[in-house]
Amino acid sequence: MLPVGGLALQDISAEEVRQILERSAQDITPTDGTSYAVSVGWDKWTGYGQLNAKAAVDMVSAMTIPPEADMTAPDWYALVDGMVPVPFYANARWASTFGYTLEFAAGVEPTSFTPLASASGLAANPALSSADLASNFSATWDTTSLAPFPFP
């Protein structure tokens, strides 16, 4: 676990900042009167919602910094076929242990996801950050049973 005294919070990674901004955003929902076809939660029109700077700053403490996750392959909108390696990064540098669930779904706004890999009770590595551009985990995605679908 990273130290939390003094200026230790200067060590927050870009991925941790992104997670904080997403988690603290104020969702824009259909009841907000927008003319866009928004939905509750993430949607293609407003993403995670409106930035809430105060909520984001309030989240910055050693007990509330979220874990990091980053999938390094395959690329967005890449055509895949067969057994596809999926290297990814997952860590919770401000905790002693963490878990992850890697899922996939088709489309821009999927309504259901299929688990690909998961683990729990993993030891966190405070020395490793998403800034290192390292993949500390890998899964194999069997795409042979998936029907092809068009991309927009």
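At-a-glance table
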| item | result |
| --- | --- |
| Search result, residues across the range 26-63 that are of a type in the set (Asp, Glu) and within 19 Å of the chain's Cα centre (by Cα) | Asp27, Asp43 |
| Subset tally (residues that are aliphatic (A, V, I, L, M), in a loop (DSSP other than H, G, I, E, B) and farther than 16 Å from Leu128 by Cβ) for the range 59-112 | 11 |
| The lone exception for Ala95 - which of (1) touching a residue at least 60 places away in the same chain (Cβ under 8 Å); (2) loosely packed, with under 15 Cβ neighbours inside 10 Å it fails | (2) |
| Count of residues meeting criterion [touching a residue at least 12 places away in the same chain (Cβ under 8 Å), exposed (fewer than 14 other Cβ atoms within 10 Å of the Cβ) and under 19 Å from the mean Cα position of the chain (by Cα)] in the range 73-84 | 2 |
| Residue that is nearest to Val38 (Cα to Cα) [pool: residues in the range 85-117 that are over 14 Å from the mean Cα position of the chain (by Cα) and among the polar types (S, T, N, Q)] | Thr111 |
| Residue match in the range 106-117 (condition: surrounded by 17 or more Cβ atoms within 10 Å (Cβ to Cβ), of a type in the set (A, V, I, L, M, F, W, C) and touching a residue at least 24 places away in the same chain (Cβ under 8 Å)) | no |
| Whichever residue in the range 48-69 is surrounded by 13 or more Cβ atoms within 10 Å (Cβ to Cβ) and not aliphatic (A, V, I, L, M) and, among such residues, is nearest to Gly107 (Cα to Cα) | Tyr48 |
| Criterion (assigned by TED's automatic domain parsing to the domain that holds Pro87, at pLDDT 90 or above and not charged (D, E, K, R)) met by exactly one of Phe137, Phe149 | Phe137 |
| Residues located in the range 19-52, provided they are under 22 Å from Ala69 (Cα atoms), assigned to a helix (DSSP H, G or I) and not basic (Lys, Arg) | Gln19, Ile20, Leu21, Glu22, Ser24 |
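The values are calculated or read from the model by the stated rules, or taken from the named source; none is laboratory data. Just so it is clear, the model here is predicted, and its values are computed rather than measured. A quick note on method: Cβ atoms are made from the backbone with ideal geometry, for glycine too, and the neighbour counts reach across all protein chains shown.
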